[in-house]
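*Asks:* Sharing a structure with you now.
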Amino acid sequence: MNYSFKKLKANGFTLIEVLIAMAIFGYAAVSLLGKMTHYQSAQVTSNQRTVGHWVAMNRVAETRLEKKWPNIGVIRGSAEMANHTWYWLQTVSKTTEKELRQIEVEVRLKENDEIAVTRFIAFVANKSIKK
C-alpha cells in the first residue's frame, strides 16, 4: 500500500490574520462612534446658541421699541421660543456718549445657570433729543 500524501492547500485566513482584522475594525468603529458623539454634541450646542441669540435679539428689539429711554440697571425675564423657556438677563449701562446707552442681554437655558448660552450687546440712542 502506497499512500501518497498530498499537501493540502489552505482555503481561508489564519487565526492571526482574523484577529488583526478584527482589531483594526474595532479601533475604526470606536473612533467613528466617538466622532459621531462629538458631532451630535456640537450640533446641540450650535442650535442652543442660535435660538438663544434670537431670544437676545428679540429682547433688544423690544427695548428699542419702548416709548421711553431704558433706565440704567438690570432686568430679568423669560421668553418662550422653540418649545423651551429661555431666561434672559438685561443690563443697561452708560456709555461715554451722553445720549447713548449700552444694552447687554445674556440668555440662559435654566434660570440659575452661571454660564450664558449667548450674550448680545447693542446700543440705543435717546429718542427724546430735540434736533
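*Asks:* Here is a list of conditions, (1) in a loop (DSSP other than H, G, I, E, B); (2) modelled with pLDDT of 90 or more; (3) of a type in the set (Ser, Thr, Tyr), and THR63 meets all of them except one; can you say which number that is?
*Replies:* For THR63, the failing item is (1).
*Asks:* Right, another one. With the requirement that a residue be without any contact (Cβ under 8 Å) to a residue 40 or more places away in the chain and surrounded by 11 or more Cβ atoms within 10 Å (Cβ to Cβ), what does segment 96-107 give you? Can you show your working first?
*Replies:* Keep residues of segment 96-107 that are without any contact (Cβ under 8 Å) to a residue 40 or more places away in the chain, which gives 96-102, 104.
Passing the criteria: GLU97, GLU99, LEU100, ARG101, GLN102, GLU104.
*Asks:* Please go through segment 72-113 and pick out each residue that is of a type in the set (Lys, Arg) and either in contact with a helix residue (DSSP H, G or I) (Cβ under 9 Å, 6 or more places away or on another chain) or part of a strand (DSSP E or B) (or both). Even if it seems obvious, please write down each step before you answer.
*Replies:* Going residue by residue through segment 72-113, those that are of a type in the set (Lys, Arg) are 76, 94, 98, 101, 108, 110.
Answer for segment 72-113, where residues must be of a type in the set (Lys, Arg) and either in contact with a helix residue (DSSP H, G or I) (Cβ under 9 Å, 6 or more places away or on another chain) or part of a strand (DSSP E or B) (or both): ARG76, LYS94, ARG101, ARG108.
*Asks:* Within the set of pairs 6 or more residues apart or between chains, which connect a residue that is assigned to a helix (DSSP H, G or I) inside segment 33-57 to a residue that is of a type outside the set (A, V, I, L, M, F, W, C) with Cβ atoms less than 7 Å apart?
*Replies:* Close Cβ pairs satisfying both conditions: ARG49/THR118; GLY52/THR118; HIS53/THR118; ALA56/THR118.
*Asks:* Let me ask something else. Any idea how many residues of segment 67-95 are surrounded by 13 or more Cβ atoms within 10 Å (Cβ to Cβ), under 18 Å from LYS127 (Cβ atoms) and of a type in the set (A, V, I, L, M)?
*Replies:* 1
The values are calculated or read from the model by the stated rules, or taken from the named source; none is laboratory data. Everything quoted here is computed from the prediction, not taken from an experiment. Quick reminder, even Gly has a Cβ in these numbers, built from the backbone with ideal geometry, and neighbours come from all protein chains shown.
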